[in-house]
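Read through the structure below, which is laid out as structure tokens, and then see the notes.
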Amino acid sequence: MPHISTLSGIGPKRAEALAKVGIVTTADVLNHLPRDYDDRSEIRTVENMVPGTIQTIRGVLAKMPENVPVKKSGFGKVSMTLTKAALKDGTGTLELVWFNQPYLSKGFKPGQEYIFTGPVKHTYNNRIQMLSPEYEPAVDTPLGAGRIVPLYTPPAGFSQKTWRALVHQCLELSEADTRDDLPAELREAYRLCGRAEAIRNIHFPESDDMFLQARGRLVFEELFFMQLALFQIKERAAEQAGIVFDDLDHTPFVKRLPFKMTRAQEKVLTEITADMQSGTVMNRLIQGDVGSGKTAVAMTAAYLAVKNGYQAAIMAPTEVLAQQHYEAFSEIFAPMGIETVLLTGSLHAIKRKAVDEKINDGTAQMIVGTHALVQKKASYHCLGLVITDEQHRFGVNQRFTLKEKGDTPHTLVMTATPIPRTLALILYGDLDISVIDELPPGRVPIKTYALDDSFRPRIHEFIRKEAAAGRQAYIICPLIEEGESDMSSVLQYAADLRRALPNLKIAYLHGRMKPAEKQEIMEDFAANRNRVLISTTVIEVGINVPNATIMVIENAERFGLSQLHQLRGRVGRGSEQSHCILISNATAPVTKERMKVMTETTDGFVLAERDLEQRGAGDFFGTRQHGLPSFMIANLYRDMDIMKEAQEAARAFIQNNKAIPGNEKTAVYNRLAGVL
Ligand code: ADP
Ligand code: MG
């Protein structure tokens, strides 16, 4: 597949930025599918514009763009620039307005015909305006109008328009070499279109019907390979001999905990210890809602492994979480004479060497870290137990690579994402499932409110009061810095809040900070040296500061239900009343519905089902970035029928594939290696 740097418009800088988000070849660009489509087949005139909808129009600018500065107040927001222009088409005049894109005013040529698409509305003086329209010169076959137009979530630095053009370029380039990994026999049996045709129509559908064909084919393909992979996983996992632990008395550890295990934690521990002495290797998924106390269970299991002379490793998806686990483990295990080490990618080379040595010679008994744990150079002395925390953030393959670091070690994977049962069986068919279905005692249910930003001053007053009483608050903003969009940013919000509440101790955190800096900020917050932590979603999973009682989520419409639930789970971890405040001005019915569901239930299962209904499964598992390509397009909620077909096809392929030519089989297995 051609490298993206061969595309026009992609210089070394952009290529590098794209590589960071995993886009390296034209195939990667094409695998980034539209999130939605806009039917712009119809081009209208000014006269028959319908305000309140998104429309497309074609014409020459009668008034060239002009920039007008405007003051705007509000938290995390800055004053902005309007760019205004007007278009005439013989039936009337249409005003065009853009926000904060002053550079646009230079981009238009007088006399040139353009196509504009955007929401249209009435102004106060009864003229009509098109807001922030997308535009392109009117050519014979424009990409953004006169057709069903794909809408993407473009990587940073690209607009819809520039990304769309890039996709189109890739399509033209790779048409010839879009390999089809599905055997011809299968394609015929299930009436599936070819891959090249599917890819073309999933991006630029020729018609509704062609789109459905394309989607059906791609969903089938994903699910087929996922099913094949699962058959293999199940085979591998079946009845492997496991290490037998003799000493399963965990009381010396448990009595050091500052609390008594809940009945649910005890039950799961019983299941774990039964596995550990069974002679068969443990493969167990622990599912427990946010705050249910999975860490204590993991620690107990790790303690048992160490007690029996083995090492235990626990892998977390972020450095911030790994650090937190490391501190919790060291605090309790060091006094017991058990050594814990931290292994992350950002570890300084000299320190890294020392840690590697300890892991290698067995001095390190508990090994806490990020995916650095599975890198090639990490070599373990005698790994007896591997634990993955927040499993849904990892790909299936990472679970296996950690396991392969030992000689059939026992495996625990933990997740707070309540996976609907049907899906759990499909995804984790090789695992036994334990559920922690009870929260520690004394928890007060979190109160959730969905508000618009007119409430912000009152919310700040509320934070000030709670802080005065010694408690702490998180404020989540979607952006780090202010960008083109109107969304709140961590940096701007922190500056504004510091001005508004000068006596409050405020810190902020985001993913672009150095790990050491992040660590210091988290430590300060955990020790209550700061009362407010303004952050991006880097704190989404696992973070545990029981004294924090307020979670404010700005631009809450930007987040899915499962993510909101995870964020909300950062509070309500102590015995005080906690509050979660969702701030959004969005009026779209789906968004309102999402906010409403959040205020109505704190049950992770209900939220997960709803989330699955509303979004693609890829978003649900956050796996887009984490190597489970199987969920690029399929929605396991809606595509159950295709799933059944794919499962049947996969089973038949394994059992009875004599009719399929050798090269087609090889293609299937090569592709499968990429899935696993
Ligand atoms: P999660 O399941 O989300 O990973 P944690 O393991 O972080 O939850 O636990 C959340 C909080 O509950 C922690 O502060 C932990 O110390 C506390 N906790 C865990 N188990 C119990 C228990 N049995 N009784 C009281 N508090 C507990
Ligand atoms: Mg956790």
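Here are the numbers:
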read-out: Identity of the residue in segment 274-288, touching a helix residue (DSSP H, G or I) at 6+ places or on another chain (Cβ under 7 Å) and not aliphatic (A, V, I, L, M), that ends up nearest to ligand 1 (Cβ to nearest atom); value: G288
read-out: Among (1) within 16 Å of ligand 2 (Cβ to nearest atom); (2) farther than 18 Å from P441 by Cβ; (3) small (G, A, S), the one test that A264 misses; value: (2)
read-out: Which numbered condition P252 fails, given (1) assigned to a helix (DSSP H, G or I); (2) surrounded by 14 or more Cβ atoms within 10 Å (Cβ to Cβ); (3) away from ligand 2 (no atom under 16 Å from the Cβ); value: (2)
read-out: Filtered residue count, segment 31-54, keeping only those that are assigned to a strand (DSSP E or B) and basic (K, R); value: 1
read-out: Yes/no for L212 being more than 30 Å from Q101 (Cβ to Cβ), open to solvent by 10 Å² or more (accessible area, probe 1.4 Å) and at pLDDT 95 or above; value: no
read-out: Scan of segment 105-135 for residues that are open to solvent by less than 40 Å² (accessible area, probe 1.4 Å) and over 32 Å from the mean Cα position of the chain (by Cα), ordered by number; value: S105, F108, Y114, I115, F116, V120, T123, I128, Q129, M130
read-out: Qualifying positions in segment 602-625 - modelled with pLDDT under 75, among the charged types (D, E, K, R) and either open to solvent by 10 Å² or more (accessible area, probe 1.4 Å) or in a loop (DSSP other than H, G, I, E, B) (or both); value: E609, E613, R615, D619, R624
read-out: Criterion: in a helix (DSSP H, G or I) and of a type in the set (S, T, Y) - qualifying residue of T549, T599, T587; value: T599
read-out: Qualifying residue in segment 458-477 (condition: modelled with pLDDT under 90 and away from ligand 1 (no atom under 16 Å from the Cβ)); value: no
read-out: From the options E520, E481, residue that is farther than 23 Å from D452 by Cα and open to solvent by 40 Å² or more (accessible area, probe 1.4 Å); value: E520
read-out: Some residue of segment 161-181 being among the aromatic types (F, W, Y), in a helix (DSSP H, G or I) and in contact with a Pro (Cβ under 7 Å, 6 or more places away or on another chain); value: yes
read-out: Total residues in segment 346-369, condition surrounded by 22 or more Cβ atoms within 10 Å (Cβ to Cβ) and assigned to a loop (DSSP other than H, G, I, E, B); value: 2
read-out: Total residues in segment 555-598, condition farther than 17 Å from D453 by Cβ, among the β-branched types (V, I, T) and surrounded by fewer than 23 Cβ atoms within 10 Å (Cβ to Cβ); value: 2
read-out: Members of segment 353-409 found to be away from ligand 1 (no atom under 16 Å from the Cβ) and acidic (D, E), listed by number; value: D356, E357, D361, E404, D407
read-out: Selection count where residues are assigned to a strand (DSSP E or B), open to solvent by 20 Å² or more (accessible area, probe 1.4 Å) and either of a type in the set (S, T, N, Q) or out of contact with any Lys or Arg (no Cβ under 8 Å at 6 or more places or on another chain) (or both), scope segment 449-478; value: 2
read-out: Segment 289-321, residues that are open to solvent by 20 Å² or more (accessible area, probe 1.4 Å), outside any helix (DSSP H, G or I), within 13 Å of ligand 1 (Cβ to nearest atom) and on the phi < 0 side of the Ramachandran plot; value: D289, V290, P317
read-out: Output for segment 427-452, where each listed residue is away from ligand 2 (no atom under 16 Å from the Cβ), modelled with pLDDT of 85 or more, within 24 Å of the chain's Cα centre (by Cα) and over 21 Å from P546 (Cβ atoms); value: Y449, A450
read-out: Odd one out for E271, checked against (1) modelled with pLDDT under 95; (2) more than 13 Å from ligand 1 (Cβ to nearest atom); value: (1)
read-out: Segment 626-676 - residue that is open to solvent by less than 50 Å² (accessible area, probe 1.4 Å) and of a type in the set (V, I, T) and, of those, modelled with the highest pLDDT; value: I642
read-out: Candidate set from segment 136-151 (those that are assigned to a loop (DSSP other than H, G, I, E, B) and surrounded by fewer than 16 Cβ atoms within 10 Å (Cβ to Cβ)); member that is nearest to the chain's Cα centre (by Cα); value: T141
read-out: Subset of segment 527-550 (residues that are surrounded by 19 or more Cβ atoms within 10 Å (Cβ to Cβ) and within 16 Å of ligand 2 (Cβ to nearest atom)); value: V538, I539, E540, V541, G542, I543, V545, A548
read-out: Residue within segment 586-593 that is within 16 Å of ligand 2 (Cβ to nearest atom) and modelled with pLDDT of 80 or more present; value: no
read-out: Flag for R443 being open to solvent by 60 Å² or more (accessible area, probe 1.4 Å), closer than 26 Å to M414 by Cα and among the basic types (K, R); value: yes
read-out: Flag for E222 being more than 16 Å from ligand 1 (Cβ to nearest atom), among the acidic types (D, E) and within 28 Å of the chain's Cα centre (by Cα); value: yes
read-out: Residues satisfying the stated conditions in segment 555-584, i.e. within 16 Å of ligand 2 (Cβ to nearest atom) and in a loop (DSSP other than H, G, I, E, B); value: G569, R570, V571, G572, R573, G574
read-out: Any hit, segment 392-412, residues being open to solvent by less than 10 Å² (accessible area, probe 1.4 Å), within 16 Å of ligand 2 (Cβ to nearest atom) and modelled with pLDDT of 80 or more; value: yes
read-out: Pair list, Cβ < 6 Å and 6+ apart or interchain, from segment 557-576 residues that are under 19 Å from G293 (Cα atoms) to residues that are of a type in the set (D, E) and within 15 Å of ligand 1 (Cβ to nearest atom); value: Q566/E540; L567/E540
read-out: Residues satisfying the stated conditions in segment 538-571, i.e. of a type in the set (S, T, N, Q), within 16 Å of ligand 1 (Cβ to nearest atom) and touching a Cys at 6+ places or on another chain (Cβ under 9 Å); value: none
read-out: Checklist (1) open to solvent by 30 Å² or more (accessible area, probe 1.4 Å); (2) touching a residue at least 40 places away in the same chain (Cβ under 8 Å) applied to T26, failing item; value: (1)
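Okay, residues lined up against (1) outside any helix (DSSP H, G or I); (2) of a type outside the set (G, A, S):
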{"site": "A274", "(1), (2)": "no, no"}
{"site": "Q287", "(1), (2)": "yes, yes"}
{"site": "H325", "(1), (2)": "no, yes"}
{"site": "A328", "(1), (2)": "no, no"}
{"site": "A334", "(1), (2)": "no, no"}
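The values are calculated or read from the model by the stated rules, or taken from the named source; none is laboratory data. These figures come from a predicted structure and were not determined experimentally. Note that each Cβ is placed from the backbone with ideal geometry, even for glycine, and that neighbours are counted across all protein chains shown. Remember, those area values only see protein heavy atoms, side chains included, never the ligands or the DNA or RNA. Shrake-Rupley method; radii C 1.70, N 1.55, O 1.52, S 1.80 Å.
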